[in-house]
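Q: A single structure is presented below for examination.
Coordinate-derived values only; no laboratory data. Keep in mind the model is a prediction, meaning the values are calculated, not measured. When we count neighbours, we look across all protein chains shown, and the Cβ atoms used for this are built from the backbone with ideal geometry, even at glycine.
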Amino acid sequence: MLFPVLCLVIAGGTVLTACQGGAPLEGGGPTATENRQEQPNRKQPASLDALRTRYASLKRQLAQQSPDNTYIVVDTARNVLVVKRKSNVLLTAIASTGSGTILDNPDRPGTQWVFDTPRGEFTIQSRLTNPVWVKPDWAFLEEGQKVPKDPAERLEPGILGEYALGFGKGYFIHGTLYTRLLGKNVTHGCIRLNDQDLRTVHRLAMIGTPVMIF
């Protein structure tokens, strides 16, 4: 899902409109070229004032759209997670997000797993301490192993780090053993952080904290 064009980045620029000069004047008066040079100089202050007013108005509108409390923004293209409160940045962290790769399901021909981080607006729904990863079927198939029948064989503690914050449909913000891969699109859909950043996110994010992913 793509966010609408309303973003938290404003690109501002000043465009000076060329003014059309009149016909040359007779006698010792200014030429048409001189008129063109003088007119932008007279109008420039008014143009800049209008731009500054418009910029201030847009900033106020964006601030009004921001959640009142802490919220999380994840940029999956740049693999950056930001925790904000209004316009204040509380944390900027390098993350890893979904790889976008596809794995066929041999037990159900024609069906596939797509390892992508979901886009859209979510909320933190669970906060787990010392989580244990329950390996799904695709994790075994990806490694070329048979899917076990004993549920205990699916349990892998220590893989997800100290904390895991669930934001729905089995997706979590959690830690990683592979810190060298942070900043890359390598996960199966979850959002990975290093230990220090994960502790900060866990401290700042409560149940119901908005998560915006694009």
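Q: Taking 7 Å along the Cα-to-C-beta vector as the label spot, tell me the Asn105-Lys169 distance in nanometres, rounded to one decimal.
A: In this crude spin-label approximation the distance works out to 1.4 nm.
Q: Something else now. Ordered by residue, what ³J(HN,Hα) values in Hz, to whole numbers, does the range 119-127 give under the Karplus form 6.51 cos²θ - 1.76 cosθ + 1.60, where θ = phi - 60° and Gly and Pro are x?
A: Ordered by residue, 3J(HN,Hα) equals 9, x, 10, 9, 9, 5, 10, 8, 10 Hz.
Q: Assuming 0.36 nm per residue, please report the length gained on full extension of the stretch Thr129 to Val114 beyond their Cα-Cα distance. Please report the intermediate quantities before stating the final value.
A: Details: separation 15, 0.36 × 15 = 5.40 nm, distance 2.74 nm.
That pair, Thr129 and Val114, stretches by 2.7 nm at full extension.
Q: Now a separate question. Dipole of the range 50-156 (Lys/Arg Cβ +1, Asp/Glu Cβ -1, origin at the Cα centre): which of Leu141, Val114, Leu51 lies farthest to the positive side?
A: Positive-end residue among those listed: Leu51.
Q: While we're on this one: Sorted by packing (mean other beta-carbon atoms within 10 Å per residue), highest first, where do 137-148, 115-126, 82-93, 100-111 land? Before the final figure, lay out the partial values.
A: On the way: 137-148: 12.7, 115-126: 16.6, 82-93: 14.8, 100-111: 10.3.
Peptide ranking by packing, descending: 115-126, 82-93, 137-148, 100-111.
Q: Something else: With an 8 Å cut-off on Cα pairs and a minimum separation of 6 or more residues, tell me the relative contact order of the range 106-160 in percent.
A: Numbers: 32 pairs, mean separation 21.5, N = 55.
Relative contact order for the range 106-160 comes out at 39 percent.
Q: Modelling each spin label as a point 7 Å along the Cα-to-Cβ direction, I'd like the Ile207/Leu181 distance in nm, to one decimal.
A: 3.2
Q: Contour minus end-to-end for Ser87 and Trp138, with contour as 0.36 nm per residue of separation and end-to-end as the Cα-Cα distance?
A: Details: separation 51, 0.36 × 51 = 18.36 nm, distance 4.01 nm.
Between Ser87 and Trp138, full extension yields 14.4 nm more.
Q: Would you mind checking which residues have amide H under 5 Å from Gly189's amide H? H placed 1.01 Å from N; only 5 or more apart, or other chain.
A: Here Gly98, Ser99 satisfy the definition.
Q: Computed FRET efficiency, Cβ-Cβ of Asn194 and Leu48, R0 41 Å: what is it to the nearest 0.05? The partial results should precede the final answer.
A: Working: r = 44 Å, r/R0 = 1.07.
Given R0 = 41 Å and the Cβ-Cβ separation, E is 0.40.
Q: Counting DSSP beta bridges in the range 89-214, what percent are antiparallel, to the nearest 5? Don't jump to the answer; show the numbers that get you there.
A: Working: 20 of 24 bridges.
Counting only bridges with both partners in the range 89-214, antiparallel ones make up about 85 percent.
Q: Sticking with this one: What is the sum of charges around Pro106, taking Lys and Arg as +1, Asp and Glu as -1, for the other residues whose C-beta is under 12 Å from the C-beta of Pro106?
A: On the way: positive: Arg108, Lys146; negative: Asp104, Asp107, Asp137, Glu142.
With Lys, Arg at +1 and Asp, Glu at -1, the net is -2.
Q: Let me ask you something else. In debye to the nearest 20, how big a dipole does the range 98-212 give about its Cα centre with +1 on each Lys and Arg Cβ and -1 on each Asp and Glu Cβ? Don't jump to the answer; show the numbers that get you there.
A: On the way: 13 positive and 13 negative charges, 53 e Å.
Dipole of the range 98-212, to the nearest 20 debye: 260 debye.
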